[in-house]
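Peer 1: Take this structure first; my questions come after.
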Amino acid sequence: ADDSGDEEPASQSDKSELHGPLKTLSSKLEDLSTCNELIAKHGAALQRSLSELENLRLPADSGEKIKAVNERATLFRITSNAMINACRDFLELAESHSRKWQRLLQHEREQRIRLEETIEQLAKQHNSLERACRGAPGLASGTASISSTAKGSVQSAKGEASDEDEETEYFDAMEDAPAFITVTADPKHHRRSGSNLSGASEGHPEDWSLEDSVFESSNQSSYNESMGKDLLPRKRRRSRIPDKPNYSLNLWSIMKNCIGKELSKIPMPVNFNEPLSMLQRLTEDLEYHELLDKAVKCESSTEQMCFVAAFSVSSYSTTVHRTAKPFNPLLGETYELDRLEELGFRSLCEQVSHHPPAAAHHVYSRRGWTLWQEITIASKFRGKYLSIMPLGAIHLEFHSSGNHYVWRKVTSTVHNIIVGKLWIDQSGEIEIVNHKSKDKCQLKFTPYSYFSRDVPRKVTGVVSDADGKAHYVMSGTWDEKMECSKIVHSSHGSTSTEGKQKTVYQTLSPKVLWRKYPLPENAENMYFFSELALTLNEPEERVAPTDSRLRPDQRLMENGRWDEANVEKQRLEEKQRAVRRRREAEAVEALEEGKDYEGYTPLWFERKADAVTGELICVYKGGYWEAKDKQDWSACPDIF
């Protein structure tokens, strides 16, 4: 949620922080006053008693001693009165300073509110300009002036385009996430009968052997070493690209180049980009494909779910340093990654829609799995940060078992859009469902908080079967590693401060399922690309003429020729706008003649209702790899 609703609670907490100590001091002063009254009362009684003793006929030395005691009692009363007066002065001083602190805090709070209102107004003006830009004639193609991560258009579940309302907000349902505590048990000394935890969910420790062939921790140190023993690499891939030029981003120079131009013809410079397209970034999710190769070997569906969950988290590991945006693919642009002989899989992406931007992806692995998805990017500029919401389901099916997993991506947030250093966070929940066995895994991505004691970028989750019985606990971080712990007992623990009852899981020692590969040397000068990312834009022969590797502006940027890349980018976008205008004119002409007009249809994908989710989704219809074998690309449009 936006921060605008947090002002009143924050103000109340500030007041309580100020008034709390003052109330405590006041109560202590009252206690001291009470004690002072008692001391004065008993002191007066003591002095009367001593005076009566002085009047008695006692020996001379006794009278002197009684007189000395009386003087000391008087001094004690005077001292106690002085202490009470000093405490009262201290409290008055604290109250006066409290008023001063309150005025200073109120001034700072008002300054912050004014700044946030200014930024919010800027964000609204941005959205208004964006909407006006989309409605302007001739701006149908859209990659020119507005990036895909700044668009407000989303795709509904049925594939229809809809514009976001200015006040639309997105909330992640994280408050519903199950709360749990994990306690590690020693498998050698674990006794189910003697445990003080109830046996609501039990497992056999002997099933969790370190020699387990599937759960064996075999994380290689680099991408090249992750290739299977049976499939050897046939081609040496590149391990570096030209260093990123040290061009400072001068906003005035960008604005200066836009003077006198139509709003629809203002290009976003490549200074904001990295030399990869969105299709290549989508393919980059396959960097840790060996997790799915291991999942094929799992006999238990819950064990298999652990690897699928680790794979879903691993796709975010490349984003931690990657603050630059990828190139927006042109309509009809494709990207293939054929690693069938080296890694056992081949991948194909196609940009199937431009408004809203949508990409279809299909991966086939000869090691026993198929993955497909259609992702639409929705975004919301909130002044201080940019929320990027990938819409669409990811499908994964294992050939031998028929297990069909479906999940969706979480929200990515880019912070410090206006001022400061950009940084990215992931937050929300992923629910992975096996639609065959009904197993589920609920993963929670904890948003970063400066005041939290949790590990940054923390991810936790539980794998449960169709009956809701928990089998494994997942834990780790989305930028480093994921571990899996087998549950041997579970019980209901104490109620949390939010009123939720926490579940206590007693688990065996965790095993690392996934660990991030270290970045290559000099990565900070190569856009923080991973070893796989460095190879994605490497020129290859026999690819389709619509492949992202052949996109000229992207290639010029990679080679450090940014000024030429900006000119070429503007040419490509103008060419795409012309094609769209022609298509719109054809649609109007068909409407006037009473004919049906199909509009743009993807080349290698077709839209169908998904049998599992019921949503309309673009699925691979075949023909690409056959066309590649024949080198028959006659059906490909001329987009470059």
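The values are calculated or read from the model by the stated rules, or taken from the named source; none is laboratory data. Computed from a prediction, not measured in an experiment: that's the story for all the values here. As a convention, Cβ positions derive from the backbone with ideal geometry for all residues, glycine included, and neighbour counts pool all protein chains shown. These accessible areas exclude ligands, DNA and RNA; they are computed on the full protein's heavy atoms, side chains included. Shrake-Rupley method; radii C 1.70, N 1.55, O 1.52, S 1.80 Å.
Peer 1: Can you tell me the accessible area per residue over the stretch 425-465, all protein chains present, probe 1.4 angstrom, in square angstrom?
Peer 2: 51 Å²
Peer 1: Oh, and also: How much area per residue is accessible in the stretch 267-330 when the probe is 1.4 Å and only protein heavy atoms are counted (Å²)? Intermediate values should be presented prior to the final figure.
Peer 2: Values: 1360 Å² over 64 residues.
Normalised by residue count, the accessible surface of the stretch 267-330 is 21 Å².
Peer 1: What is the distance in Å between the Cα centroid of the stretch 337-388 and that of the stretch 524-601?
Peer 2: Centre-to-centre distance over Cα atoms comes out at 16 Å.
Peer 1: Can you tell me the mean projection area, over all orientations, of the convex hull of the stretch 358-455's alpha carbons? Units nm², please.
Peer 2: About 8.5 nm², averaged over all directions.
Peer 1: Report D for the stretch 459-609 in µm² per second (integer): Stokes-Einstein, Kirkwood Rh on Cα pairs, 4 °C, 1.567 mPa s.
Peer 2: Approximately 59 µm²/s, per Stokes-Einstein.
Peer 1: Here's another thing I want to ask about it. Report, please, the projected area of the stretch 334-388 averaged over directions, based on the convex hull of its C-alpha atoms, in nm².
Peer 2: That works out to 5.0 nm², a quarter of the Cα hull's surface.
Peer 1: Taking loop as defined by DSSP and a crowding limit of 10 other beta carbons within 10 Å, which trypsin sites (Lys or Arg not before Pro) in the stretch 419-516 fit?
Peer 2: Hits after loop and neighbour filter: K421, R453.
Peer 1: How long is the gain from I418 to A40 if the chain were fully straight, where each residue apart is worth 0.36 nm and the alpha carbon distance is subtracted?
Peer 2: Net length gain for the segment: 129.5 nm.
Peer 1: Hey, any idea what % of the stretch 521-590's accessible area is carbon plus sulfur with a 1.4 Å probe?
Peer 2: So the carbon and sulfur contribution to the accessible surface is 51 percent.
Peer 1: As an exercise, find the ratio Rg/Rh for the stretch 29-95 from alpha-carbon atoms, using the Kirkwood inverse-distance average for Rh.
Peer 2: Reported Rg/Rh, Kirkwood definition of Rh: 1.18.
Peer 1: Here is a further query. If the limit is 30 Å between Cα atoms, which of K235/K440; K409/K608; K438/K608 go over it?
Peer 2: Listed pairs above 30 Å: K235/K440.
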